[in-house]
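The values are calculated or read from the model by the stated rules, or taken from the named source; none is laboratory data. What you are looking at is a predicted structure, and each value in this text was computed from that prediction instead of being measured. Cβ sites come from the backbone with ideal geometry, for glycine too, and all protein chains shown count toward neighbours. Side chains are part of the model used for accessible areas, which takes the heavy atoms of the whole protein and leaves out ligands, DNA and RNA. Shrake-Rupley method; radii C 1.70, N 1.55, O 1.52, S 1.80 Å.
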Amino acid sequence: MRLAGKVAIVTGASSGIGAETAKVFAQEGAKLLVVARRKEKLEAVAKEITDAGGTCKVFIGDVTKEADCIKAVEETIAAYGQVDVLVNNAGIADKHRPIDDCSSEWWDHVILTDQTSVYYMSREALKYMVPQKSGSIVNIASIGARGLAGISYSAAKAAVISMSKNIALEFAPIGIRCNTVSPGPTPTELNTPEAMATFNMGFADHCAQHMNLSLPESNVNDQAKAILFFASDDSKAVTGQDLIVDHGTTL
Ligand code: NAP
């Protein structure tokens, strides 16, 4: 029960890594507020958690909307009176669009979803973590932060790592930590064969030359366990770090 007595927000918990993280957190004793846009899927995840004896509230919201992020944190405080862990996991892929195939609209959409949402949610959670003088923010970046994706996803995920180091530096003196987990290829809705078919495969193949894709894929539980490490006091002396969970794909 490594999260006993803790309150956690997990964004993007209606599927994939976020859904698994919420379930693992509940098994470890956390009280949860889960965030995503798809009501049915999010409620199914929450039901699985509550059926197993956990505590989980649902917030249907869009993390690209500042007002939704403010409300998600406020609802957490109204329900539980505190926020100890924030996992900024919500994200979309960028179809591997290089700069000469990336419209301004697509750029804005990916940056808003994968980067600006981390700013909104972290800023709001810190309003409560600072007076508590405790908290752990875990941001989900990607091996794509090394440039191994399209221009917008590469930029957003590199920014998430840099923003996390900045938050870590700023708040280390009062006991608030911020780290990133960078997943490698992990089968989820974001990474289905059908989703891959929408990618710019020529560019994806080019990226793959810089990766060892013959290694096994990680699974959502591998990612959730890494996120749990940063969320829990097991990592109480660790802040500003990026943990790559990819079987060594990018070594
Ligand atoms: P996924 O199954 O597609 O999950 C993405 C989640 O984000 C969903 O719950 C989705 O929920 C939510 N989401 C997307 N846009 C949102 C928005 N505007 N507002 C609220 N929620 C939103 O994919 P995943 O692989 O688990 O992705 C989770 C994170 O891991 C992402 O940040 C992704 O970049 C990162 N990652 C994944 C891989 C991989 O290979 N799978 C590799 C590297 C990094 P709704 O659609 O219901 O809103």
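Side notes on the structure shown:
- Environment charge of Ala67, counting only residues whose C-beta is closer than 12 Å and scoring Lys/Arg +1, Asp/Glu -1: -3
- Ile60 paired with Asn221, simple spin-label distance in nm, labels 7 Å along Cα-to-beta-carbon: 3.2
- Here's how it looks for Ile244: its modeled amide H is under 5 Å from those of Ser182, which are all 5 or more places away or on a different chain.
- Alpha-carbon spread of region 122-251, three principal axes, descending order, Å: 49, 26, 25
- Model label sites at Thr192 and Leu251, defined 7 Å from Cα along the beta-carbon direction, differ in position by 3.3 nm.
- In percent, rounded to a whole number, the relative contact order of region 7-245 is 21, using alpha-carbon pairs under 8 Å and six or more apart.
- Note on the chain: with neighbouring protein chains present and a 1.4 Å probe, carbon and sulfur make up 54 percent of its accessible heavy-atom surface.
- The chain: DSSP helices with Cα axial extent of at least 15 Å and average Kyte-Doolittle hydropathy no lower than 0.0: 16-27, 66-80, 151-171, 220-231
- Average accessible area per residue (Å²) across the chain - probe 1.4 Å, nucleic acids and ligands excluded: 45
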